[in-house]
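The values are calculated or read from the model by the stated rules, or taken from the named source; none is laboratory data. Source: prediction; values computed, not measured. Cβ: placed from backbone, ideal geometry, glycine included. Neighbour counts: every protein chain shown.
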Amino acid sequence: MFAASRKFFFQILRVIVVFCFVALVLGWIYERTQASLDKSRYQPRGRIVKVLGTPIHINCSGVGTPTVVMDAALGFHSLDWHLIQEQVAQTTRVCAFDRPGYGWSQSVAGSRTSFNVAYELHELLKAAGEKPPYILVGHSFGALNMRYFASLYPDEVVGLVLLDPIHEDMEKYLPKSRTTVIERFWDQVSLFFSKLGIHRFVSRNFISENFPDLPTSIQQPYQSHHSRPQTLETAYRENLALSESLQLMREQENGLEMIPLVVITSSGKKFENQTMYQDFLQIHQNLASDSSLGKHLLQENSGHFIHHDESQTVIDEITVMIQDIRQK
């Protein structure tokens, strides 16, 4: 009796192991197949330029000066700016780019701090033949990168527009970098399963549900890039280096005193912790006051993705800044 039960148990166990193995193999094939199809289906919208040996994607359109350069939030890339770029390009030159590991840009080894992003962007613009002066537009983590760029290359920057910017004074409120053994373990588990198509399947409607303002022709390649394991891994690495990025920003000279600056803050309606939101709001107001030409706007009806929820406001602010700079 006991021997029969034991035999039955191992038979069941064997079936489970085989089933799991087959599921893993099928998931891996699914992910590889979809990634290959997407690569052939969605070609770069701009140019691929080699920067320090890494192919990086930059998409520029329009003519005129100053050139507007845009950087997206952690986990997002150049297609996030489609609506803004399309409109502002009617007024001047506009460039959106993919940080290494996002969109059509290849990953790069090493730390992913704001210093790395700013330096790579500067080299990218030079290699692509895009010349200053620049108006820098950044969202969230992208805003931190743009501030760092302005601190490194102040003579090339004539204005900044920052949407819900991450700021070094917010660090005590932000999610901690994934530093513990357990947290890193689960991050690695998530990355592993993303290579089996799980992330692609679970997030398959993320872009269409969250950014219905984008045309389908943009949503489809955007969703493709958002679903890739490479995107998840790059976001993980940037988040891992976030504390270092904030510390690097603290160590930089402000350099914003005489630069036109617009800081736009989203509504706090979805914030569960209103005290935290009021602190964020104060930080944004203080940031705007760092420049004698600074301006702070509060968008009462916008979520974190202001350039989707209130795109016309963002377009108007960039356009006004362009006109003011041209009149000087």
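Inside region 262-272, can you point out the residues that are of a type outside the set (Gly, Ala, Ser) and in a loop (DSSP other than H, G, I, E, B)? Listed by number, the residues that qualify are 269, 270, 271, 272.
Scanning region 97-112 for residues that are buried (at least 24 other Cβ atoms within 10 Å of the Cβ) and among the hydroxyl-bearing types (Ser, Thr, Tyr) yields 102, 105. For residue 254, are the conditions met, namely being in contact with a helix residue (DSSP H, G or I) (Cβ under 8 Å, 6 or more places away or on another chain) and closer than 30 Å to residue 111 by Cα? The answer is yes for residue 254.
Taken together, the residues in region 288-328 that are surrounded by 16 or more Cβ atoms within 10 Å (Cβ to Cβ) and part of a helix (DSSP H, G or I) amount to 15.
Just checking, does region 273-287 include any residue being modelled with pLDDT under 90, acidic (Asp, Glu) and either in a helix (DSSP H, G or I) or surrounded by 14 or more Cβ atoms within 10 Å (Cβ to Cβ) (or both)? Yes, because at least one residue in region 273-287 is modelled with pLDDT under 90, acidic (Asp, Glu) and either in a helix (DSSP H, G or I) or surrounded by 14 or more Cβ atoms within 10 Å (Cβ to Cβ) (or both).
For region 50-83, which positions are part of a loop (DSSP other than H, G, I, E, B) and in contact (Cβ under 8 Å) with a residue 12 or more places away in the chain? Across region 50-83, the qualifying residues are 52, 62, 63, 64, 65, 66, 72, 73, 74, 75, 76, 77. Every test in (1) more than 27 Å from residue 155 (Cβ to Cβ); (2) assigned to a loop (DSSP other than H, G, I, E, B); (3) touching a Phe, Trp or Tyr at 6+ places or on another chain (Cβ under 8 Å) is passed by residue 107 save one, and that test is (3). Scanning region 241-261 for residues that are in a helix (DSSP H, G or I) and surrounded by fewer than 18 Cβ atoms within 10 Å (Cβ to Cβ) turns up 243, 244, 247, 250. Does region 84-94 contain at least one residue that is touching a helix residue (DSSP H, G or I) at 6+ places or on another chain (Cβ under 6 Å), buried (at least 24 other Cβ atoms within 10 Å of the Cβ) and part of a strand (DSSP E or B)? Yes, the conditions are met somewhere in region 84-94.
A count restricted to region 48-80 and to residues that are of a type in the set (A, V, I, L, M) and more than 30 Å from residue 327 (Cα to Cα) stands at 8. The numbered conditions (1) under 14 Å from residue 231 (Cβ atoms); (2) modelled with pLDDT of 95 or more; (3) of a type in the set (Phe, Trp, Tyr) are all true for residue 97 except (1). For the subset of region 126-184 comprising residues that are among the acidic types (Asp, Glu) and in a helix (DSSP H, G or I), which member is modelled with the lowest pLDDT? Here the answer is 183. With (1) more than 26 Å from residue 164 (Cα to Cα); (2) at pLDDT below 95; (3) in contact with a Leu (Cβ under 8 Å, 6 or more places away or on another chain) as the list, and residue 37 as the residue in question, which single condition is left unmet? Only one criterion is unmet by residue 37, namely (3).
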